[in-house]
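Just so it is clear, none of the values below were taken in a lab; they were calculated from the coordinates. Source: prediction; values computed, not measured. Don't worry about glycine lacking a Cβ; one is built from the backbone with ideal geometry, like all the others, and counts go over all protein chains shown.
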């Protein structure tokens, strides 16, 4: 079985192993009980950190707690309840101020095959079929509550702020090529961002899974917002799935929504905003920093070393 390339799995494992003593990566029994009532079954940490934590309770439930932004919980609940037709999401069993209790859907990893590529294409076209008058952050009712006056300008401001905070070596190596690339392509990026759609916002293999029923499962919608469709495509293609996957993805997407012939080039350009954002707070010599540096330099047309 060939899996879609995803070095980010190794980042997550390394971050968990390198967490400082006393770091909170799971939930105590008291924290679980405070949200759903007494629970005495098996508890398995699926993911955890400062942003949020997911724990499986028994065989069939997942408690998802939003540590960084509790306001993302009602937005994600609304997205999970939309009644998607071409892919699965977990059912919301109950919700609170900072948590969702979700159905656990048994799943496996996304495979680097034409069948998976086509399923992903159908799913993303359906997601992008939800349009908006303007780009921006979404509220609980999925209306834009934090509009961007200039989407590309807002993304560039974020990139500039992250670059300014990087360790000196990384900042010195990446600031000039990233800025030069965005300057050279500003007009095209702005034109391509002119029709905002619903973005999953974290549409990468870590959040896309394959079911035994040959259905796609899409998880983790907390970063969803209104913006340019190619942002999601860039995240999907970031680490180079095979040509059969990409061709099947494009064919299935185009059957439901427009997609440029040169979508791979421009989706990589849009993903540059995401890649730089992922450098926030990383250790310069970490596997994450090395992978991101290489992909950024590849995207901007600079050599990698």
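Return the calculated 222 nm mean residue ellipticity for the chain, to the nearest 500 deg cm²/dmol, obtained by summing -39500 (n - 2.57) across DSSP H runs with n ≥ 4 and dividing by the residue count. If you can, show how the numbers build up before the last one.
Details: 11 runs with 129 residues, N = 305.
The helix-only estimate for the chain comes to -13000 deg cm²/dmol at 222 nm.
Could the peptides 78-85, 230-237 be put in order, highest first, of the mean number of other beta-carbon atoms found within 10 Å of their residues? It would help to have the intermediate numbers written out before the result.
Working: 78-85: 14.0, 230-237: 24.2.
Packing order, densest peptide first, comes out as 230-237, 78-85.
Provide the three semi-axes, in whole Å and in decreasing order, of the ellipsoid equivalent to segment 56-105 as defined by the square roots of 5 times the Cα gyration tensor eigenvalues.
Calculated on Cα positions only, the semi-axes equal 18, 15, 7 Å.
Quick one: length gained pulling residue 137 to residue 46 fully straight, 0.36 nm per residue minus the C-alpha distance? Display every interim value, and only then the final one.
On the way: separation 91, 0.36 × 91 = 32.76 nm, distance 2.71 nm.
Roughly 30.1 nm would be gained on extension.
Once you have the Cα-Cα distance between residue 161 and residue 179, take 0.36 nm times their residue separation minus that, and quote the gain in nm to one decimal.
Working: separation 18, 0.36 × 18 = 6.48 nm, distance 1.20 nm.
Extra length from residue 161 to residue 179 when fully extended: 5.3 nm.
At 7 Å along Cα-to-Cβ for each site, give me the label-to-label distance between residue 211 and residue 9 in nm.
2.1 nm
Compute the relative contact order of segment 124-168 as a whole-number percentage, counting only Cα pairs closer than 8 Å that sit 6 or more residues apart in sequence.
The value is 22 percent.
Over segment 21-105, consider all pairs of different Cα atoms and compute the Kirkwood hydrodynamic radius from their mean reciprocal separation; express it in Å, one decimal.
Kirkwood hydrodynamic radius for segment 21-105: 13.3 Å.
I need two numbers for the chain: Rg to one decimal and Dmax as a whole number, Cα atoms only, in Å.
19.3, 58
With a 10 Å cut-off between alpha carbons and a GNM built on the chain, which of 106, 241, 196 moves the most?
Highest fluctuation of the listed residues: 106.
In degrees from 0 to 90, rounded to the nearest 10, what is the angle of the helix 8-17 Cα long axis to the longest principal axis of the chain?
50 degrees
Fewest to most neighbouring Cβ within 10 Å: what's the order for 39, 270?
39, 270
In degrees from 0 to 90, rounded to the nearest 10, what is the angle of the helix 263-277 Cα long axis to the longest principal axis of the chain?
Here the helix axis deviates by roughly 60 degrees.
Calculate the length of the line joining the C-alpha centroid of segment 207-237 to that of segment 76-133, in whole Å.
Segment 207-237 and segment 76-133 have Cα centres separated by 7 Å.
If each residue's Cβ is checked for other Cβ atoms within 10 Å, how do 239, 210 rank with the fewest at the top?
On the way: 239 15, 210 22.
With the sparsest Cβ surroundings first, the list reads 239, 210.
In degrees from 0 to 90, rounded to the nearest 10, what is the angle of the helix 151-165 Cα long axis to the longest principal axis of the chain?
80 degrees
Starting from the Kirkwood radius over alpha-carbon pairs of segment 27-185, derive D by Stokes-Einstein at 37 °C in a medium of 0.692 mPa s and give it in µm² s⁻¹.
It comes out at roughly 172 µm²/s.
Which order do 181, 263 fall in if you start with the one that has the fewest other Cβ atoms within 10 Å?
With the sparsest Cβ surroundings first, the list reads 181, 263.
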